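Just so it is clear, none of the values below were taken in a lab; they were calculated from the coordinates. The shown structure was predicted, so the numbers you read here are calculated from the model rather than taken from an experiment. Note that we place each Cβ from the backbone using ideal geometry, even for glycine, and neighbour counts take in every protein chain shown.
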Amino acid sequence: MALKKRKSRQSKRKRKLILVVVALLFALAITGYSYRDFIFAAMDKHDAAGLELPPTDAEPVETEEPGGEDEAFEPADPAEPGWTEEDLPPLPEPPPGELLRIKDGDYLLALVTRYTTLGDYEPSDLRQIPAEMIRPEQRQWQYYLRAEALEHLLLLLEDARGAGMELFINSAYRSYKTQDQLFRDYASRHGEEKANTFSARPGQSEHQLGTAVDFNSPASYMGQDFGNTPEGRWLAENAHRYGFALSYPEGATEITGYIYEPWHFRYIGVDAAAAWKESGMVLCEFLEKRCPQEFVD
Ligand SMILES: [Zn+2]
C-alpha cells in the first residue's frame, strides 16, 4: 500500500516535471530563443577583443535566420560610444616586433598611432574635393576625402569664409603607397630619425583614413605659425563643430609622437568631436581611453 502510494507520488512528480519541460520548450520556441542565446547572453557585453563596451541604445537584433545566432551577439556598434568618464581597459599587447593591426579603417574613431597600423586599408567612398578649396596655383592636384568627411568639410569652409577666413586644403587622402614614397623621400633627405618626427610611416598615417586634411592660408603654408593666423585660430576654436579634431596639438609631442601640426585635422564625427573638445584630452588619448578599439587577432 505504502509502496503504491510512493509510486503514485513519484509518477505525479514525473508528470509535473515533464509538464514544466514542455512548457519551457514551448516558451523557447515561441520567443525564437535557442540554448546558445542563453550562453551568449551571459557574454554579450564583451566584444571580440574582450573589451567592455559602453551601453548603447541599439535595438536588440532579431534571430530569425537559422544559424544566425552569432550575428545577434556581435559587439554593439562601436561608432556609438558612451563617452563615459570611466577609462576603457588598456589596449592588447601587440605581438613582439609587430604593430596592432586596426580591424576596420572605416571606423571614424580608429586609433592611428605609432603602435597601430592600417595595413593596406583603402576607403571605399572617396570623393574629390572641389577645386575652389585648393590654392589657385595648386589646382592641378586632386584631393579626396571620404563622403561624410567631405560633406562636413564643405560646411566648415563655407562658414569659415563667411567669417572672413581664407582657408585652403593642401592634403587629404593619401594611400599606403603614396605615404610609403613620401616617407622614403623625407628619410633620404633628413634621415630616418628626423623624418619620424613629422611624417608617419606607411600604414600609420591618419591621411590613409580618408578623413584627415591639412589646411593652409595665404599667410602660412604648413608652418607652425599657422596656429597664430586668424585662420589657424578660427579652426582651433570651431573645427569641432563640424566634426574635426586637431590631432597633434602644441606641447604634446611626447604623447602623439609628432611635432605640433596646427594645420592637420581629422574628421571623427560631430558628436565625437564635441565629446573630445569637452574632454580637453589629446585626440589619441581620447580615442584610446574613451572609444572602443578593435584589432585583428
Ligand atoms: Zn596632415
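Miscellaneous remarks
- Backbone HN-Hα couplings from phi across the stretch 195-202 [Karplus 6.51/-1.76/1.60, Hz, Gly and Pro as x]: 4, 4, 7, 10, 10, 7, 7, x
- Built amide H within the under 5 Å cut-off of Tyr144, gap 5+: Ile129, Ala172, Tyr173
- Count Lys and Arg as plus one, Asp and Glu as minus one, and take only other residues whose Cβ is under 10 Å from that of Gly227; the net charge is then -3.
- Segment Arg114-Asp185, extension gain: residue separation times 0.36 nm, minus the distance between their alpha carbons: 23.7 nm
- Dipole of the stretch 153-235, positive direction: furthest Cα of Ala219, Thr178, Leu157, with charges on the beta-carbon: Thr178
- Point-to-point label distance, Gln128-Asp225, nm (Cα→Cβ direction, 7 Å offset): 3.4 nm
- Shown in residue order for the stretch 222-231 are the 3J(HN,Hα) couplings computed by the Karplus curve 6.51 cos²θ - 1.76 cosθ + 1.60 at θ = phi - 60°: 6, x, 5, 5, 4, x, 9, 7, x, 5 Hz (x for Gly and Pro).
- Net length gained if the chain between Thr178 and Arg161 were fully extended (0.36 nm per residue, minus Cα distance): 3.0 nm
- Residues Gln138 and Glu192, FRET efficiency given R0 of 30 Å [Cβ-Cβ distance, rounded to 0.05]: 0.60
- Taking other C-beta atoms within 10 angstrom as a stand-in for reagent exposure, Asp120, Asp106 fall in the order Asp120, Asp106, fewest first.
- Note on Ala147/Arg15: beta-carbon distance plugged into 1/(1 + (r/R0)^6) with R0 of 51 Å gives a FRET efficiency of 0.20.
- A cut-off of 5 Å between modelled amide H atoms, ignoring neighbours fewer than 5 places along the same chain, links Arg101 with Thr117, Val296.
- Amide H contacts of Gln204: Leu118, each under 5 Å away and 5 or more positions distant or on a separate chain (H built 1.01 Å from N in the peptide plane; Pro and chain starts excluded).
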